[in-house]
Amino acid sequence: MKLFNIASFLTISTSIVAGTQWYPLDIKGEIPATFTPYKRGDNVYLDCISRNIDNGEHKFDEQDKIIYGPFPTCKETGKPLNFKYGISEDFNCTITFSDELYHLFQLYIHEDVPFSCRLPISSESHYLEQGGAYIPLTFNFRGEIHDSHLDIDPTLNVLITKPANNNEDENTFISAVAYSSGTNATRIVIGDSLTLSVAVRFLDQLKVTSSGTTPAGLPYAEGFYKFPINFTPISPTSSAILLFMAVLITGIIVFAATYNYLSKRLIKSHKYKSVDSEAFTKMD
Ligand SMILES: *[C@@H]1O[C@H](CO)[C@@H](O)[C@H](O)[C@H]1NC(C)=O
Ligand SMILES: *[C@@H]1O[C@H](CO)[C@@H](O)[C@H](O)[C@H]1NC(C)=O
């Protein structure tokens, strides 16, 4: 019934609004042009759709609004999983499988329903409760379902794209996804704990397929924030080392080439020869 209502609503709205429009919009259908940007290190409040364990349907409140709740609590922090804005980091989050969470994971792993969460565009408190715009973040856990237990891959890459210009007024989210990316699954029964290995990466260098400037009335530059075709996932430390090596080697080549050239020229001219030998004696 609920799904049918949503479907007919979507058909009507798409037939009225043709063409393209900004994504995401707030609950009023407006572009979230003014929002409170995040500061580096701010806690990002993440909430997730509450689902019925029987069929995975959304839970609704009395006003037929979808009920959201926090991500399961991590034992390490005593708080639900969350992220720090702009900070790429690795951490562990140990969750405990209550009867309810176990049955929800059966649905997630079987891909009956997505583990859907969302990130608010704005850092102001209660922004989403007031109908603010958000970016979806789906946790794509994988594994296998067995009669007596679940096998779950507990590794999680969390990729979060932010505007690439590093303008602090535009500190928000463009897209996000989380997915298991390991080779081992852990056997889980009701009551067990599972330590998730979480690797959060903020993608802040994805160039947008437009001029990259933010037109008035838009929250950030429009376009497709896509991976370059020769994308190499490399840590900042190793790229710094590579860059240093490249600069060093180029320097040596340039020095060698110039030295040869200069020596030849200087040998030809008596006037400079003494300067030459003096200069290089000093260097020794
Ligand atoms: C996560 O837990 C494992 C096992 O206890 C440990 O070896 C690892 O260092 C932890 N990782 C982080 C990022 O704390
Ligand atoms: C993953 O499974 C392999 C094969 O069973 C095992 O050798 C390895 O130690 C496991 N790795 C981890 C991190 O548990």
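Read-outs throughout are calculated quantities, based only on the coordinates presented, and are distinct from any laboratory measurement. Computed from a predicted model, the values in this text were never measured in an experiment. Please note: Cβ atoms are built from the backbone with ideal geometry, for glycine as well, and neighbour counts cover all protein chains shown.
With 20 Å as the limit, write out which pairs from LYS39/LYS162; LYS84/LYS162; LYS162/LYS226; LYS162/LYS207; LYS28/LYS84 have Cα-Cα distances beyond it, or answer none.
Flagged as over cut-off: LYS28/LYS84.
What's the exposure ranking of ARG201, ARG51, going from fewest to most Cβ atoms within 10 Å?
On the way: ARG201 15, ARG51 24.
Ordered from fewest to most neighbouring Cβ atoms within 10 Å, ARG201, ARG51 come out as ARG201, ARG51.
Can you tell which of ILE145, LEU107, SER125 lies farthest toward the positive end of the dipole of the range 101-165, using +1 and -1 charges on the Cβ of basic and acidic side chains (Lys, Arg; Asp, Glu)?
SER125
Using the Cβ atoms and a cut-off under 11 Å, what net charge is assigned to the surroundings of ASP153, where Lys and Arg are +1 and Asp and Glu are -1? Let's see the in-between values first.
On the way: positive: ARG142; negative: GLU144, ASP151.
The answer is -1.
I need the GluC sites (Glu not before Pro) found in the range 27-85, filtered to DSSP loop residues with at most 10 other beta carbons within 10 Å of theirs. Can you show the working numbers first?
On the way: sites: GLU30, GLU57, GLU62, GLU76; in loops: GLU30, GLU57, GLU62, GLU76.
Of the GluC sites (Glu not before Pro), the ones in loops of the range 27-85 whose Cβ has at most 10 other Cβ atoms within 10 Å are GLU62.
Can you put ILE249, ILE135, ILE53 in order, fewest other beta carbons within 10 Å first? If you can, show how the numbers build up before the last one.
Working: ILE249 10, ILE135 18, ILE53 14.
Ascending number of Cβ neighbours within 10 Å: ILE249, ILE53, ILE135.
Among PHE35, PHE244, which comes first, second and so on when ranked by fewest other beta-carbon atoms within 10 Å? Walk me through the numbers before you get to the answer.
On the way: PHE35 20, PHE244 10.
Final ranking by Cβ density, sparse to dense: PHE244, PHE35.
I need the peptides 210-219, 87-96, 150-159, 137-146 ranked by packing, meaning the mean over residues of other C-beta atoms within 10 angstrom, with the highest value on top.
Listed from highest to lowest mean packing, they are 150-159, 137-146, 87-96, 210-219.
Taking 2.2 N^0.38 Å as the expected size of a compact globular protein, what ratio does the Cα radius of gyration of the range 68-169 give against it, to two decimals? Mind showing how you got there, number by number?
Working: Rg = 15.7 Å, N = 102, 2.2 N^0.38 = 12.8 Å.
For the range 68-169, the normalised Cα radius of gyration is 1.23.
Using alpha-carbon pairs under 8 Å, 6+ residues apart, how would you state the relative contact order of the range 73-135 in percent? Don't skip to the answer; put the middle values down first.
Values: 37 pairs, mean separation 13.1, N = 63.
Dividing the mean separation by the residue count of the range 73-135 yields 21 percent.
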